[in-house]
């Protein structure tokens, strides 16, 4: 008994040692930066100059400034619009529709289904910065494919990045991220045996009825989880918007991650940039805790 | 034991991802009428156009001496864009740098997650699911939120403009998911195999290397592939950590080319497109060779880039 207990403790010590390299890296680059941000948010740390070498403690000044900063209000509003537009309306709704379409087509044995599936996935697996570049070209005012397409149908060209920058970044992010939602729902839909639909059809149930009775109950439990997942991912969007509009013009697409970056590296206010990072981390943590609770409840 | 699934946001998501990518689609039963066929295929056409046109443009622009934002068959088909990036943008060095960083990250990740995944799987603590929970929580931290502090921290630790810093960070980014993934693989390997090896007089470490790891080879393959790809594609950390020309990697060269060659008026689309094609190449190879694994890996990271 005692021997067994000691064996267990000894082994546990070894296992904890085995965890230590990973724990070290995670502490250094996840926990470390979070603490560093909290520490810096109480200082006037700068990127260059005297305050870079000797940051001064300024208490809650940065937070007071942040919450009375009209720019920050705008940034939060932009972030919310961007998340609602590209995560909830764009990726979630389009992804759900695509999953239903592909599942339906598969059950009908349409061969082109896998091509469509691959096309959606392709947009998602490529590095985000390439997505940014591709859409810079798509949105180009004079020659871009979108305006060329509008010309074909007789519509006037649109100055996408100049006049409707928020819509433009929402379109680009929807293009890039729809595959995630589609895959989740497709996975769920695959669990429904075709026989159920056939039986319902034989019983004379309408297409709507079949969807309502057999499809929806399968989708509903994971919908909230998926929604939260895409919201979290979209909330952190940086490089796509940076390459497309860099937050502009006139602050119209400045979301929270860009604001932290610009304050720290363009205005050289690292302390203030850290404060924004802290707020971003706190919001993300709140999302994540809810997310993990929900998925624990489902498991 | 539900500890595996208890704290996992992943199981639900990962299980669905696995199903969407591995299970064969349901067998078709009823035949489709012609109207149905036409409607579905019209929808297909719209979807494929939306998702593929940007890529078609990329390919045509990379091989066109007169590339513009306009999508067209190359006006002057050429491979000069590719030659140019090697002669004018020192792309050979950039490529070598990127391969070095990605391979080193891959090796570090495989070593770290083998140890950590195995240890976490075998650890016998009452509150073990808290560790799993903490790992998952870290996984949801967007690196765009820690960009500023990581810059500051790396500067104080002397990790800027050093591949050591870049490799450590790239490895750390992938760790939470891969630890969790590898733990799953090790959980499925029966303990009596290694216990028999201990009785034979092997040390715990040798038993891990000689008995357990060979059985976890598929998992190690996934971890290696995902670590390589993520380090290859990751751009945020490179932007904030590297500003010396001779240390540039592909994402940074691409980012800079976009900014300097890419004013809104005189964009050198051909050259940047050629870079993008090379940047994309390894991603595409993995995508077509191991789509399922890649998809599962990507689905697990909710971090926005």
Kindly check whether there is at least one residue in the stretch A:225-234 that is over 18 Å from residue A:176 (Cβ atoms) and out of contact with any strand residue (DSSP E or B) (no Cβ under 7 Å at 6 or more places or on another chain). yes
Go over the candidates B:117, B:158 one by one and state the one that is free of Cβ contacts under 8 Å to residues at least 40 places away in the same chain and either surrounded by fewer than 18 Cβ atoms within 10 Å (Cβ to Cβ) or facing chain A (nearest Cβ under 9 Å) (or both). B:158
Cβ contacts < 9 Å: first residue more than 7 Å from chain B (Cβ to nearest Cβ) and crowded, with 19+ Cβ neighbours inside 10 Å, restricted to the stretch A:111-131; second residue at pLDDT below 90 and not in a helix (DSSP H, G or I), any location; separation 6+ or different chain. Result? A:113/B:25
Could you check, for the stretch B:93-101, whether at least one of its residues is within 13 Å of chain A (Cβ to nearest Cβ) and assigned to a loop (DSSP other than H, G, I, E, B)? no
Can you say whether residue B:58 is under 30 Å from residue A:8 (Cα atoms) and either crowded, with 17+ Cβ neighbours inside 10 Å or in contact with a strand residue (DSSP E or B) (Cβ under 7 Å, 6 or more places away or on another chain) (or both), as far as the supplied structure shows? no
Picking from A:86, A:41, A:68, which residue would you name as being surrounded by 21 or more Cβ atoms within 10 Å (Cβ to Cβ), over 30 Å from residue A:184 (Cβ atoms) and more than 9 Å from chain B (Cβ to nearest Cβ)? A:41
Restricted to the stretch A:218-244 and to residues being under 30 Å from residue A:193 (Cα atoms), within 16 Å of the chain's Cα centre (by Cα) and more than 7 Å from every other protein chain (Cβ to nearest Cβ), the residue surrounded by the most Cβ atoms within 10 Å (Cβ to Cβ) is A:230
Inspect all residues belonging to the stretch B:22-36 and state whether any of them is crowded, with 19+ Cβ neighbours inside 10 Å and modelled with pLDDT under 70. yes
Per the filter on the stretch A:89-102, residues within 11 Å of chain B (Cβ to nearest Cβ) and surrounded by fewer than 23 Cβ atoms within 10 Å (Cβ to Cβ) are A:94, A:97, A:100, A:101
In this structure, does residue B:87 turn out to be within 25 Å of residue B:282 (Cβ to Cβ) and either within 12 Å of chain A (Cβ to nearest Cβ) or touching a helix residue (DSSP H, G or I) at 6+ places or on another chain (Cβ under 8 Å) (or both)? no
Residue list for the stretch B:253-281, filter: surrounded by fewer than 16 Cβ atoms within 10 Å (Cβ to Cβ) and at pLDDT 90 or above: B:281
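Residues checked against (1) over 24 Å from residue A:184 (Cβ atoms); (2) under 25 Å from the mean Cα position of the chain (by Cα):
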residue: A:116; (1), (2): no, yes
residue: A:124; (1), (2): no, yes
residue: A:142; (1), (2): yes, no
residue: A:150; (1), (2): yes, no
residue: A:160; (1), (2): yes, yes
residue: A:166; (1), (2): yes, yes
Search the stretch A:245-277 for residues being surrounded by fewer than 24 Cβ atoms within 10 Å (Cβ to Cβ) and not in a loop (DSSP other than H, G, I, E, B), and hand back the single one that is farthest from the other protein chains (Cβ to nearest Cβ). A:262
Taking the criterion of being facing chain B (nearest Cβ under 7 Å), closer than 17 Å to residue A:278 by Cβ, in contact with a helix residue (DSSP H, G or I) (Cβ under 8 Å, 6 or more places away or on another chain) and in a helix (DSSP H, G or I), would at least one residue in the stretch A:16-28 satisfy it? no
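The values are calculated or read from the model by the stated rules, or taken from the named source; none is laboratory data. Because the structure is predicted, anything quoted here is derived from the model rather than measured. With ideal geometry, Cβ positions are generated from the backbone for all residues, glycine too; neighbour counts draw on all protein chains shown.
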